[in-house]
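Below: one structure in structure tokens.
Rule-based calculations on the coordinates, nothing more; no lab input. Given the structure is predicted, the values throughout are model-derived calculations rather than measurements. Cβ placement follows ideal geometry from the backbone for every residue including glycine, while neighbour counts extend to all protein chains displayed.
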Amino acid sequence: MSTATAEKLTGAAAPARFWDRQRRLGVGVLAIGLVAAVLFGVLAPSQDARFTLSEDAEGAALTINGQLGAILFGVLALAAGAVLFAGLARRFQTGVLSLGILAFVLSFLCWQVAGKFLPLVDTASGTLELAVPLILGALAGVLGERSGVVNVAIEGQFLMGAFGAALVGTMATSVWAGVLSAAVGGVLIAGILAVLAIRYLVDQVVVGIVLNLLALGVTGFLYERLMQPDAPAYNQPPKMPEWRIPGLADIPVVGPVLFDTNALVWLALLLVVGIHFGLTRTRWGLRTRAVGEHPTAADTVGVRVRGLRYLNVLAGGVIAGAGGAYFTLVATGSFNKNMTSGAGFIALAALIFGRWTPFGALGAALFFGFAQKLATYLSAVGSPVPSQFLNMLPYLATIVAVAGLVGRVRAPAADGQPYIKS
Amino acid sequence: MTTDGPAGPPKTADEGAADAPAVEKKPAPQQPAQEDSFLSHFLHNLWAANTVTVTVLSIVLAMLIGAILIIVSDPDVLSTFGYFTARPADALNASWTVVSNAYADLFKGAILDPATITAAADGTGTWRQVFFPISETLTYAAPLVFTGLSVALAFRGGLFNIGGQGQAVVGTITAAAAGFLLPLPPVVHLIAALLAGLLGGALWGFVPGILKARTGAHEVIVTIMLNYTANLFLGWLILQKGVQQPGRSDAISKTVDGSAQLPSFGGELRANLGIVLAVLATAGVAWLLNRAAFGFELRAVGANPAAARTAGISVAKTYTLLMVTAGALAGLGGATQVLGTAHALTPQVAGNIGFDGLLVALLGRNKPWGTLLAAILFGALRAGGNRMQSFSGISLELVTVLQALIVIFIAAPALVKAIFHLRAARSARLGASMAKGW
């Protein structure tokens, strides 16, 4: 059932009214601005907050008095909220909203960092590193769901990818063989999902959830039978090398983050651009979107609905599997039971929060990655804000997004509905 | 499944999983086939794609694939396949030994170990040891019954409650908190703790319910997100002063007072009052679905929301109330877990009971008594898996694989039908359980 029909059924029809989206957004931003200016402002100690442009406390830094910064950025958020509420920025709504949220985050940072320092390069690269698997997983979801196949098995694809990368990477002592078999692992899960969902018309959410458990069981079983008894033979894959592009890597902050890193980061970013271009500018993209929105119409004009869905879901499996390789070949260096621990569902959240678009998914993944990185930073400096609550942020943000409290997200119309050719 | 019959909502009106009646009930509604003997009729239907046959064959298929996994992951057995063409008997014998030992241990750990009977008979063992496997099975089954019922009930109302895990986690939190915070006399304390678990789960179910009703937010997305939120909250709460076990630095809460623990047989027999409550809950849900006005409304909404609305049923109210009820059931599952066996909160206290509940509901075809049977099967697999792990050295994860495979085959009856060349059952509807997206 699409959200539109549910809305009709539950009688939430919305004629033009005073409390339109803009005003509600304005009130929301005003509220967080007030929290920032008053609460953070009062709590923040009046000490310098240093944002260093390096990986540690050394070197040049942006410095601001913590209390002053917290209040200043809080007031900025309030101003953004007021502009939204007054309806002065109808054309730049997204920009003003982003400004308000950014000001809120900066105010929070000023409070937390006051008297300490936050290394910007480390934060940025950490954010990107945490975001890469999320980006890849969400892109896999974009491919499947834009063509009408719901993919909640991203977690399972991650696990199989991570496992395959560790196993084959170790046995072949080659990173690239690992990446390749990670893709194969992802395709295995995607293949089962595709056959059951497209050929056997099983409910796609059901299959996805069950496949997650299957992947968890299979990888856990083989881990205990093979990897645990003999880790050097099966579970010590080589780590992915970091490549440094001379020249570009010397740009402050951006350079070390983007141009002194591993191939999967570039792959993820290139895929975002590639899939965006593909979806909006190519014949394949037009057909994919048509199949996802109205398969019968697409079929009428000669598009092979099922074939296209198979193709997209399997391609998604390759991408999500590569995302899984990130966990073993880049992040930790060995496989462990249930090591993805819900990352697949954060990727799903990024997909939904990013409105089923590649760039939206990128933004959401970066936002979620930043929240996770901040959580580890805060628990490292002993902040009173518990890291668990920051880790909840992706999930809560997604609930807010689907509930339409801040602009509703809408899934492709035929997402999750099997196509039965009549 | 049998008690579902007499109350008699028309089977065809049911939305959801294929509603094939069981083999044994077949002859009754079919008057023209009266001249056939019961036996020939039975044999005819045996190889048709009805619920029972598909279920049994799904279990067989899953165990076959499990056997392959056992063989492939055993280096010693695998090496005998290296000279398979020269001496095939070696490989086959080795494979048979490792697989049959594993599955024999699975059976002995879940139902009955013949060795304990002889031991008890000649006085070297106790009768308690004979009942130990059954006790373990029922212990693991009890929480699954509750979470399974939660998912099954929501299914019947057209909602997919993936949030059983989160609701169970919140249920463990509130039940345990009531268990070690409230100073109450024995029986009252247990009831209060169970109620606390129920309310906690209901609260966690209320959120997706009200969001679905008010804004149309898809319950699958909201409940997935709430699962992880609940887990993170539990992880934070355990480490707080007043909750954490004094003198411990790791993540474990205080122990639930003895007066709030579910009474068990004592000793090694861990089976407790939870399984009795689970059977009562099953009866309650069966009554709710078949006899209560709300049950009728939720089935109507599940079958066709637009028609239900036209008929004057408030869809929004039904969705909210349904999710609250489903959440309450899952919360009770969490309470059973923490008050019955765990006795203290840990980050993994709820294990995987929410997601397993989902599988149980699918296996039970979203019927209350079917769910109960499915939960007992899953409990048996889990109990047997423990023995298989310690005796045959086969990881407990194999049980997860078996459970997932069984449900995959159950969910795709057309697949099983194709593999075994089953005849199409006359009244069985094969196909998607409830295919709809978000």
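Over 20 Å intervals from 0, what percent of Cα-Cα pairs in the protein assembly as shown sits in each interval?
The distribution over the protein assembly as shown is 14, 46, 34, 6, 0, given as percents.
Peptide A:393-404: average number of partner chain Cβ atoms within 10 Å per residue?
Numbers: counts 2, 3, 12, 4, 1, 5, 11, 3, 3, 11, 12, 5.
Per residue, the average neighbour count from other chains is 6.
Find how many whole Å separate the alpha carbon centroid of the range B:357-413 from the alpha carbon centroid of the range A:290-360.
Each part's Cα centre sits 28 Å from the other's.
Separate question: Here are some pairs, A:K337/B:K108; A:K116/B:K241; B:K241/B:K367; B:K212/B:K417; B:K108/B:K367; A:K373/B:K241; which of them have Cα atoms lying more than 32 Å apart in this structure? Before the final figure, lay out each step's value.
Values: A:K337/B:K108 27 Å; A:K116/B:K241 27 Å; B:K241/B:K367 43 Å; B:K212/B:K417 36 Å; B:K108/B:K367 29 Å; A:K373/B:K241 26 Å.
From A:K337/B:K108; A:K116/B:K241; B:K241/B:K367; B:K212/B:K417; B:K108/B:K367; A:K373/B:K241, over 32 Å: B:K241/B:K367; B:K212/B:K417.
On to the next question. Just to be sure I understand the model, the point goes 7 Å from the Cα along the line to the Cβ. What's the resulting B:L182 to A:F277 distance in nm?
Roughly 6.4 nm, to one decimal.
While we're here: Give me log10 I(q)/I(0) at q = 0.11, 0.27 Å⁻¹ for the range B:45-121, Debye formula, one equal scatterer per alpha-carbon, no solvent.
Scattering profile of the range B:45-121, log10 relative to I(0): -0.46, -1.14.
Could you work out how far apart the two model spin labels at A:S46 and B:T97 are, taking each label as a point 7 Å from the Cα in the direction of the beta carbon, and quote it in nm?
Those two pseudo-labels are separated by 8.2 nm.
Turning to a different aspect of this structure: Post the alpha-carbon centroid distance, the range A:108-153 to the range B:206-284, in whole angstrom.
30 Å
Would you work out the charge dipole size for the range A:283-397 about its Cα centre, treating the Cβ of every Lys and Arg as +1 and the Cβ of every Asp and Glu as -1, and quote it to the nearest 20 debye? Can you show the working numbers first?
Working: 9 positive and 2 negative charges, 65 e Å.
The calculated dipole for the range A:283-397 is roughly 320 debye.
Under 1.5 on a/c is rounded, so check that first for the range A:56-159, then, if it is not, pick prolate when a/b is larger than b/c and oblate when it is not; a ≥ b ≥ c are the square roots of the alpha carbon gyration tensor eigenvalues.
Because a/c hits 1.5 or more and a/b fails to exceed b/c, the range A:56-159 counts as oblate.
Work out from phi, with θ = phi - 60° and the Karplus expression 6.51 cos²θ - 1.76 cosθ + 1.60, the ³J(HN,Hα) of each residue of the range A:370-387, listed in order in whole Hz, and give x for Gly and Pro.
These are the phi-based 3J(HN,Hα) values: 4, 4, 5, 4, 4, 4, 5, 4, 5, 6, 6, 8, x, 6, x, 7, x, 5 Hz.
Here is a follow-up. Provide the FRET efficiency to the nearest 0.05 for the B:K317-A:S379 pair, computing r from the beta carbons and using R0 = 35 Å.
Details: r = 43 Å, r/R0 = 1.22.
Plugging the Cβ-Cβ distance into 1/(1 + (r/R0)^6) gives 0.25.
In Å and on Cα atoms, what radius of gyration and Dmax does the range A:325-377 show?
Final numbers for Rg and Dmax: 12.3, 33 Å.
Then there's this: Please name which of A:L102, A:S387, A:P295 has its Cα lying farthest along the dipole of chain A towards the positive end, using unit charges on Cβ (Lys, Arg +1; Asp, Glu -1) and the Cα centre as origin.
A:P295
Loop sites only, by DSSP: take the GluC sites (Glu not before Pro) in chain A that have at most 12 other C-beta atoms within 10 Å and name the longest stretch containing none of them. Each step should come with its number before you reach the end.
Numbers: sites that count: A:E58, A:E242.
That gives A:59-241 as the longest site-free run.
I would also like to ask the following. Which ³J(HN,Hα) values, rounded to whole Hz and listed in residue order, are derived for the range A:202-214 from phi using the Karplus coefficients 6.51, -1.76 and 1.60 in 6.51 cos²θ - 1.76 cosθ + 1.60 with θ = phi - 60°, glycine and proline given as x?
Those phi angles translate into 6, 4, 6, 5, 4, 4, x, 4, 5, 5, 4, 5, 4 Hz.
What list of ³J(HN,Hα) values in whole Hz, one per residue of the range A:182-199 in order, does the Karplus curve 6.51 cos²θ - 1.76 cosθ + 1.60 (θ = phi - 60°) give from phi, with Gly and Pro shown as x?
Couplings: 4, 4, 4, x, x, 5, 4, 5, 4, x, 4, 4, 5, 5, 5, 7, 8, 7 Hz.
Order the peptides B:242-250, A:209-217 from the highest to the lowest mean number of other Cβ atoms within 10 Å of their residues. Display every interim value, and only then the final one.
Details: B:242-250: 11.8, A:209-217: 25.8.
Descending mean neighbour count gives A:209-217, B:242-250.
Suppose we keep just the alpha-carbon trace of the range A:143-285; what are its Rg and Dmax in angstrom?
In Å, with Rg to one decimal and Dmax whole: 18.3, 54.
Using modelled backbone amide H atoms (1.01 Å from N, in-plane), which distant-in-sequence or interchain residues come within less than 5 Å of A:V149's amide H?
Here A:G416 satisfy the definition.
I would also like to ask the following. May I ask for the Kirkwood hydrodynamic radius of chain B, worked out over all distinct Cα pairs and given in angstroms to one decimal? Mind showing how you got there, number by number?
Working: mean 1/r = 0.0429 Å⁻¹.
Its Kirkwood hydrodynamic radius stands at 23.3 Å.
Given a Förster distance of 60 angstrom, what is the FRET efficiency for A:A82 paired with B:H44, based on the Cβ-Cβ distance and rounded to 0.05? Can you show the working numbers first?
Numbers: r = 77 Å, r/R0 = 1.28.
For R0 = 60 Å, the calculated efficiency reads 0.20.
Okay, next question. One quarter of the convex hull surface, Cα atoms only: what value does that give for the range B:274-389 in nm²?
Values: hull surface 33.2 nm².
With the hull built on Cα positions only, its mean projection is 8.3 nm².
Binned at 10 Å from 0, what are the whole-percent values of the Cα-Cα distance distribution for the range A:354-397, short to long?
30, 45, 20, 5
Turning to a different aspect of this structure: Which one of B:A383, B:A293, B:G258 has its Cα pushed farthest toward the positive end of the charge dipole of the protein assembly as shown, where Lys and Arg give +1 and Asp and Glu give -1 at the Cβ?
With unit charges placed on the Cβ atoms, the residue in question is B:A293.
Quickly work out the B:D122-to-A:A31 label distance, labels modelled 7 Å from Cα along the C-beta direction, and quote it in nm with one decimal.
7.4 nm
Continuing with the same structure: Dividing the convex hull volume of the alpha carbon atoms of chain A by its residue count, what do you get in Å³ per residue? Could the numbers behind the result be given before it?
On the way: hull volume 69.4 nm³, N = 422.
Convex hull volume per residue, Cα atoms: 164 Å³.
Follow-up. Nothing charged except the Cβ atoms of Lys and Arg (+1) and of Asp and Glu (-1): what's the magnitude of the dipole of the protein assembly as shown about its Cα centre? Round to the nearest 20 debye. Please list the in-between numbers first.
Details: 53 positive and 40 negative charges, 533 e Å.
Charge dipole of the protein assembly as shown: 2560 debye, to the nearest 20.
With the cut-off at 1.5 for a/c, could you classify the range B:268-314 from its C-alpha gyration tensor as rounded, prolate or oblate? List each step's numbers first, then the result.
Working: a/c = 5.90, a/b = 3.80, b/c = 1.55.
Prolate.
Have a look at A:G148, A:S334, A:A397 and report the one farthest towards the positive end of the charge dipole of the protein assembly as shown, computed about the Cα centre with Cβ charges (Lys/Arg +1, Asp/Glu -1).
The residue sitting most towards the positive pole is A:G148.
Looking at chain A, identify the longest residue range that excludes and avoids all trypsin sites (Lys or Arg not before Pro) in DSSP loops having at most 12 other Cβ atoms within 10 Å.
Counting only loop sites that pass the neighbour cut-off, the longest clear stretch is A:92-420.
Counting only complete DSSP H runs, which helices of chain B cover 27 Å or more along their long axis at the Cα atoms and score a mean Kyte-Doolittle of 0.0 or above? Please list the in-between numbers first.
On the way: long enough: B:51-72 (31 Å, 2.77); B:88-110 (33 Å, 0.23); B:127-156 (42 Å, 0.84); B:186-215 (44 Å, 1.39); B:219-238 (28 Å, 1.46); B:315-337 (33 Å, 0.93); B:368-392 (34 Å, 0.48).
Passing helices, by number: B:51-72, B:88-110, B:127-156, B:186-215, B:219-238, B:315-337, B:368-392.
Mind checking which of B:L398, B:L345, B:L69 has the largest fluctuation in a GNM of chain B, springs on alpha carbons under 10 Å?
The residue that fluctuates most here is B:L69.
Hey, another quick one. Evaluate 2.2 N^0.38 Å with N set to the residue count of the range B:143-244, then give the Cα radius of gyration divided by it. Spell out each step's value before the answer.
Details: Rg = 14.7 Å, N = 102, 2.2 N^0.38 = 12.8 Å.
Normalised Cα radius of gyration, the range B:143-244: 1.15.
Across the residues of A:193-200, average count of Cβ atoms on other protein chains within 10 Å? Please report the intermediate quantities before stating the final value.
Working: counts 0, 0, 2, 6, 3, 0, 4, 12.
The shielding value for this peptide is 3.
If you count, for every residue in A:223-235, the Cβ atoms of partner chains within 10 Å of its Cβ, what is the mean? Walk me through the numbers before you get to the answer.
Working: counts 3, 8, 11, 4, 0, 1, 2, 1, 0, 0, 1, 0, 0.
Average neighbour count from other chains, rounded to a whole number: 2.
Would you mind checking which residues have amide H under 5 Å from A:Q47's amide H? H placed 1.01 Å from N; only 5 or more apart, or other chain.
A:G66, A:Q67, A:G115
Cα convex hull of the range A:283-412: how many Å³ per residue? Provide the component values of the computation, followed by the final result.
Values: hull volume 17.7 nm³, N = 130.
Hull volume over Cα atoms, normalised by residue count, gives 136 Å³.
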